[in-house]
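Chemist: Sharing a structure below in C-alpha cells format, with a few things to ask.
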Amino acid sequence: MQIRRLSEGTVNRIAAGEVIERPASVVKELVENAIDAGATQIDVAFRGGGKSLIRVTDDGIGMGPEDLALAIERHATSKLSDDDLADIRFLGFRGEALPSIGSVSRLSICSRVRGGDMAHVIAVEGGEVAPPRPAALSRGTEIEVKDLFFATPARLKFLKADRSETAEAAEVVRRMALANPHAGFAFVTEERRLVDVPAGDDEASRIARVLGRDFMDNAVPFELTREDVGVRGFAGLPTWSRGQAAMQYMFVNGRAVRDKLLGGAIRGAYADLMPSGRYPAIVLFVTCAPERVDVNVHPAKAEVRFRDGSLVRGVIVSAVRAALAGRKMTADTGLARETVASFRPVMPQGSFNPGLAETQAAFAMNMPPAGMPAVEDAPPTEYPLGQARAQIHDNYIVSQTREGFILVDQHAAHERLVYERLKRERAEKGIATQPLLVPEVVDLDPAQVERLADSSDILAQGGLVLEPFGDTAVIIREVPASLGGDIAGIVRDVADELSELGVSTTLEERINHVLATMACHHSVRSGRKLKPEEMNALLREMEATPNSGQCNHGRPTFIELKLSDIEKLFGRR
C-alpha cells in the first residue's frame with residue numbers, strides 16, 4: 001500500500017479529535033486565548049449544551065486581518081518565543097485550537113486590534129476558509145462556534161446530555177476564574193447565569209465568590225516555598241470533606257490541571273485525617289520556573305510533568321499539614337446539624353416513659369440518673385472543649401462549653417493523642433524501645449510473616465523490633481517503651497495494614513501508618529469508666545494536640561451542639 005500525505009482537512013479533524021473532546025474543550029481553549037490576550041472581561045454564551053452555539057467575547061488586545069488569517073492555520077502562535085518548548089509562559093501556546101475547532105464546526109472570529117480603525121471577521125466552515133472582511137465590533141474579540149461536530153457527526157453520539165455538557169463547561173470557566181481574579185467572567189445559558197464574577201478581586205475574595213462562603217469558613221490558608229517551587233492556597237478542614245474529588249482545584253503557573261502527582265500529594269497531606277471514601281476540598285496553586293514543568297505532555301494540556309516531582313510533592317504535603325495542624329479546634333458540626341434538622345420527638349398521649357421519669361426525678365434531686373457519673377460543678381471556663389460533666393455509655397464524655405456542649409468519643413480522641421505523641425517522639429529523638437525479658441512469639445500466616453520481614457526497617461523506626469521465626473511466626477524483641485497491652489494483637493494488625501498500603505506510599509507514610517495502628521491498640525478503650533480528672537485531662541490534651549479533631553482513621557473525635565441547635569430541638573427557635 002502506497003504511503004501518502006493526508007489532506008489538510010483530515011489532519012485538522014484528527015487534531016480536533018485530540019484537542020476538542022467536547023463543548024467544554026472548546027470553552028477551555030477559547031477562554032485561555034482570551035486570558036492570554038490580556039482580557040479583563042470574558043463572557044461565554046452557551047446554547048444547546050454547546051452544540052448549537054458557543055460564543056466567547058473578550059476585551060483583549062484583538063487581532064488585525066493578517067493575524068486573523070494566521071490564527072486559523074495549524075501551529076501558528078504568538079505565544080512561543082524562539083520555538084523554545086521549555087519556556088512556556090502562556091496558556092494557549094500550541095496553535096491547534098482554532099483550526100481544529102474550524103474543521104468540525106461553523107466558526108467565525110471577529111476582532112479589532114486595540115487602537116485599530118475597524119474590526120474584521122474571518123469564517124471557517126468545516127475546514128473551508130473565507131477571507132477576512134470588515135465587520136462591526138467596538139473592541140477585543142468575539143468568537144462564535146455554531147453546529148459543533150456537524151462535520152464529524154459520529155462524535156455527537158459520545159456527548160452527554162445537554163445539562164451535563166453545560167455543567168462541565170461552566171466548571172471550566174469557574175476554574176479559569178479561580179486562577180485569574182484580575183479578570184471578570186460570565187457564563188450564560190438559555191436559562192440562567194451559572195458564573196458571574198466581577199474583575200478586580202483579590203485571591204481570597206475570588207475563591208469565596210466561586211466556591212462559596214461556606215468553603216472559606218471551613219478552610220485554612222497555606223503557603224510555602226522551597227528552592228524555586230512555591231505552593232499556596234486554602235485547604236478545607238477534614239470535617240468538611242466530600243464524597244468525591246470534585247472540589248479539588250489545582251493550578252500550575254496559572255494553568256488549571258488534573259494531575260496525578262498533585263492529587264497524590266493532597267492525599268498524602270490528609271493521609272491520617274480523612275476517612276476512607278472521603279475527599280478534602282482544596283484550592284492549590286503551584287508556581288515554579290517554566291523549565292521545571294513540562295505542560296506539553298497531554299493534547300489538551302490537562303496534565304503536567306514536573307522535573308522534580310518529589311520536591312513538589314514534599315512542599316505541598318508540608319504546607320498543607322502545617323496549616324491543618326495549626327488550625328483552631330474544630331468540631332464536626334455537620335452531624336449535629338443533621339440531627340437537629342431530622343429529629344422529631346414523638347410522645348403518645350398517656351404513655352409512660354420510665355427513663356424520662358427517672359431523669360426528671362434525678363434533676364429534681366439535683367443528681368444524675370443511674371449510670372451517668374456526675375462531675376463536680378465547676379465555674380464556666382474559656383477552654384475550647386469546656387468542662388467535663390458526665391460520661392455516658394462508658395465511652396462518651398459530655399462537656400459543657402460557653403456556647404453549648406460537646407460529645408467526645410474517648411477512644412477515638414485518645415487514639416489521636418497517642419499517635420501524635422509517638423510521631424513527636426520519633427521526630428525529636430527516636431522512639432524509645434523496651435527489650436522484652438522473654439521475647440514473644442506470634443503465630444501468623446506465611447504472607448503476614450513475609451510482609452513484616454520486608455518492612456522490618458520501617459517497624460524498627462516505629463519502635464517495634466522483630467524477626468521471622470520460621471515460616472509461620474515472628475519473634476518480638478523490642479516494643480515502644482510508652483506502649484503496652486496486647487503486643488500480639490498489635491503485630492497482627494500491623495501485618496494486615498501493611499497489605500493495604502499501595503506501592504506509591506512513601507516511607508514516611510508507611511511509618512506513620514504503623515504508628516497509627518499501634519496507637520489504636522494502646523488507646524483508652526470503649527467501656528472504660530473515667531474519673532472526672534481523667535476526662536478533663538483528656539480534654540486539655542486534645543486542645544494542645546494537632547489534628548485532635550479526627551482520629552487516626554479520619555473519623556471525628558467530637559461533635560458540638562451550640563445552644564441555638566439545642567433550642568431548635570426543643571422548638572424554642
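Each value in this text was obtained by applying a stated rule to the coordinates, not by laboratory testing. Predicted, not measured: the structure shown is a model, and the values here were computed from it. A quick note on method: Cβ atoms are made from the backbone with ideal geometry, for glycine too, and the neighbour counts reach across all protein chains shown.
Chemist: Residue by residue, what Karplus-based ³J(HN,Hα) values in Hz, rounded to whole numbers, does the range 420-434 have, using 6.51, -1.76 and 1.60 with θ = phi - 60° and x for Gly and Pro?
Modeler: 5, 5, 5, 4, 5, 4, 5, 5, 7, 8, x, 6, 5, 10, 10
Chemist: Going by average Cβ neighbours within 10 Å, how do the peptides 445-451, 51-57 rank, with the highest at the top?
Modeler: 51-57, 445-451
Chemist: Give, as a single signed number, the net charge of other residues whose beta carbon lies under 14 Å from the beta carbon of residue 509, with Lys and Arg counted +1 and Asp and Glu -1.
Modeler: Overall, the nearby charge balance is +2.
Chemist: Next question, about the same structure. Using each residue's phi in the range 440-450, evaluate 6.51 cos²θ - 1.76 cosθ + 1.60 at θ = phi - 60° and report the 3J(HN,Hα) Karplus result to the nearest Hz, with x for Gly and Pro.
Modeler: Coupling constants for the range 440-450: 9, 9, 10, 7, 9, 8, x, 5, 5, 4, 5 Hz.
Chemist: Would you grab the residues whose amide H sits under 5 Å from the one on residue 119? Only those 5+ places off in sequence or on another chain, please, with H modelled 1.01 Å from N.
Modeler: 135, 137
Chemist: In addition: Could you compute the net charge surrounding residue 496? Neighbours are other residues with a C-beta less than 12 Å from the C-beta of residue 496; K and R count +1, D and E count -1. Mind showing how you got there, number by number?
Modeler: Details: positive: 451, 492; negative: 445, 493, 497, 500.
Here the charged neighbours net out to -2.
Chemist: Continuing with the same structure: Which of the peptides 129-142, 258-271 is most tightly packed, and how do the rest follow, judged by the mean count of other Cβ atoms within 10 Å per residue?
Modeler: Numbers: 129-142: 15.1, 258-271: 20.0.
Ranking, from highest mean packing down: 258-271, 129-142.
Chemist: Ranked highest first by average number of other Cβ atoms within 10 Å, how do 143-149, 61-67 line up? Provide the component values of the computation, followed by the final result.
Modeler: On the way: 143-149: 21.1, 61-67: 18.6.
The densest-packed peptide leads the list: 143-149, 61-67.
Chemist: Moving to a separate point now. Could you list which residues have their amide H under 5 Å from that of residue 440, counting only those 5 or more apart in sequence or on another chain, with H placed in the peptide plane?
Modeler: Distant-sequence amide H within range of residue 440: 476.
Chemist: Residue by residue through the range 25-37, what is 3J(HN,Hα) from phi via Karplus (6.51 cos²θ - 1.76 cosθ + 1.60, θ = phi - 60°)? Round to whole Hz and write x for glycine and proline.
Modeler: 5, 4, 4, 4, 5, 6, 5, 4, 4, 5, 5, 4, 7
Chemist: Taking the Cα-to-Cβ direction at residue 428 and at residue 191 and moving 7 Å from each Cα, how far apart do the two end points lie in nm?
Modeler: 5.9
Chemist: Can you list the residues, at least 5 places off or on another chain, whose amide H is less than 5 Å from the amide H of residue 469, using H built in the peptide plane?
Modeler: 474, 475
Chemist: Could I ask something else about it? What FRET efficiency would be calculated for the residue pair residue 294, residue 473, taking the C-beta separation as r and a Förster radius of 45 Å, to the nearest 0.05?
Modeler: So, using R0 = 45 Å, E works out to roughly 0.35.
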